[in-house]
Amino acid sequence: MCYSAKVRAEYREYVKEFGAVLSLDAYVAEYWEQMGDEWVKKLPKAIRAWFADPQTAEEARIKAAIADWEARETTKTQQDLFAQAKRLADAERALQTKVTKKAQNDQRIATNKIGQFKTKLDDLRRVELKPRDSRIYPGSLAPVVVWEGGRRVVKLMRYQCRPAGKPAAYDRQYPGTYNARRDNLEGFWCGQFGHTHGVMLADAFYEHVLRHHMEGRELAPGEAEEDVVLEFQPNTGERMVVACLWSHWKGRDGEPDLLSFAAITDDPPPEVAAAGHDRCIIPIRPENIDAWLQPDPTDLAAAYAILDDRERPYYESRVAIAA
């Protein structure tokens, strides 16, 4: 499962290299505005930066919404930080008189939360981007290239696909639908495979693995399993064109429409398997992009052939760290 990825965040690359333009107007009207702050929270900072210099009325509306949210989120975080600073001071005064479990817990929790809130404030205030600003997780909004009106178009979609026609409860019933297994493309994903294909530009992907699997050993007697997040990146440093499926879910009873997508995954190459993971995304070759984006539902073999004729970089892995 590709639980997280580092998307290529430079909008100019989508425009200049891929000839893809950003499509916003209908989505802003039908989904984002109805969702209020929720869509802003799901937009990675690196993608929010796309709207710093708006070129259209829709982009200007998004910039204003982002600025308003950031201002309110900054104020709220400052208030939370002040509350935890007071909690810490109260706990430390109490501990000077008597050591209690409550005071110790308050001291520990407040210290941790103060660190979290300071990091959040820094993220809200700074202009320069850091690698973590391009990370997406299930529920994040991410840029996906699709074919529309005879050209490549970038749409911002939720990373967790809700297939068209299915109930909204699918999000909870099938929480892993941010990935589409290749061996189930004609089963669960039959409504999208051969119909609505997209690509995501990514520099790296991230997976949860068990430490002892990563280290190629058995658990020691009495040793508990430990979860580790690994970052996988092509050793060439080149970006990956990740094969995806997407869906336009039509809202019902006043619900907003939803654009969402899933990355296709397959059996892993040897180096990913050796690192302890059993799935891998599929980066397709750049020369196959347009054919992938314009599938023929009567010729699924052609789509499978593109997945087979994939890029095959060597994935270097390391324990993921905050950057």
Whether any residue in segment 160-172 is modelled with pLDDT of 95 or more and charged (D, E, K, R) is what I want to check. yes
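Can you tell me which of 166, 120 is of a type in the set (Lys, Arg) and touching a helix residue (DSSP H, G or I) at 6+ places or on another chain (Cβ under 6 Å)?
Result of the check over 166, 120: 120.
Please enumerate the residues belonging to segment 96-123 that are aliphatic (A, V, I, L, M) and surrounded by 15 or more Cβ atoms within 10 Å (Cβ to Cβ).
103, 110, 114, 121
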All conditions in (1) in contact with a strand residue (DSSP E or B) (Cβ under 6 Å, 6 or more places away or on another chain); (2) within 21 Å of residue 175 (Cβ to Cβ) are true of residue 251 except (1)
For the list (1) over 25 Å from residue 255 (Cα atoms); (2) touching a Phe, Trp or Tyr at 6+ places or on another chain (Cβ under 6 Å), I need the number of the one condition that residue 164 fails. (1)
Restricting to segment 111-138, count the residues that are farther than 27 Å from residue 233 by Cα and basic (Lys, Arg). 3
If we scan segment 245-253, do we find a residue that is closer than 20 Å to residue 289 by Cα and not aromatic (Phe, Trp, Tyr)? yes
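Matching residues to (1) small (Gly, Ala, Ser); (2) at pLDDT 85 or above; (3) touching a helix residue (DSSP H, G or I) at 6+ places or on another chain (Cβ under 6 Å):
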{"site": "25", "(1), (2), (3)": "no, no, yes"}
{"site": "38", "(1), (2), (3)": "no, no, no"}
{"site": "60", "(1), (2), (3)": "yes, yes, no"}
{"site": "83", "(1), (2), (3)": "yes, yes, no"}
{"site": "88", "(1), (2), (3)": "no, yes, yes"}
{"site": "91", "(1), (2), (3)": "yes, yes, yes"}
{"site": "109", "(1), (2), (3)": "no, yes, no"}
Going by what's in this entry, would residue 313 be described as in the same structural domain as residue 202 (by TED's automatic domain parsing), in contact with a Pro (Cβ under 7 Å, 6 or more places away or on another chain) and under 21 Å from residue 269 (Cβ atoms)? yes
The condition of being over 24 Å from the mean Cα position of the chain (by Cα), under 26 Å from residue 137 (Cβ atoms) and not polar (S, T, N, Q) holds, among 80, 123, 68, 106, only for 80
For segment 146-197, what are the residues that are assigned to a helix (DSSP H, G or I) and either outside the structural domain of residue 22 (by TED's automatic domain parsing) or of a type in the set (Ser, Thr, Tyr) (or both)? 170
Can you tell me which residue among 91, 65, 103, 85 is assigned by TED's automatic domain parsing to the domain that holds residue 50, farther than 20 Å from residue 44 by Cβ and in contact (Cβ under 8 Å) with a residue 24 or more places away in the chain? 85
Could you list, ordered by first residue, the pairs with Cβ atoms under 9 Å in which the first is in segment 208-221 and free of Cβ contacts under 8 Å to residues at least 12 places away in the same chain and the second is in a loop (DSSP other than H, G, I, E, B) and loosely packed, with under 12 Cβ neighbours inside 10 Å, at least 6 apart or interchain? 219/225
Going by what's in this entry, would residue 145 be described as farther than 18 Å from residue 249 by Cα and within 16 Å of the chain's Cα centre (by Cα)? no
Answer yes if at least one residue in segment 125-133 is on the phi > 0 side of the Ramachandran plot, in contact (Cβ under 8 Å) with a residue 40 or more places away in the chain and either assigned to a helix (DSSP H, G or I) or of a type outside the set (Ser, Thr, Tyr) (or both), and no otherwise. no
Residues of segment 59-72 classified as farther than 20 Å from residue 260 by Cβ and surrounded by 17 or more Cβ atoms within 10 Å (Cβ to Cβ), total: 5
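The values are calculated or read from the model by the stated rules, or taken from the named source; none is laboratory data. Quick caveat, the model's predicted, so the values are computed rather than measured. Glycine also receives a Cβ, built like all others from the backbone with ideal geometry; neighbour counts cover every protein chain displayed.
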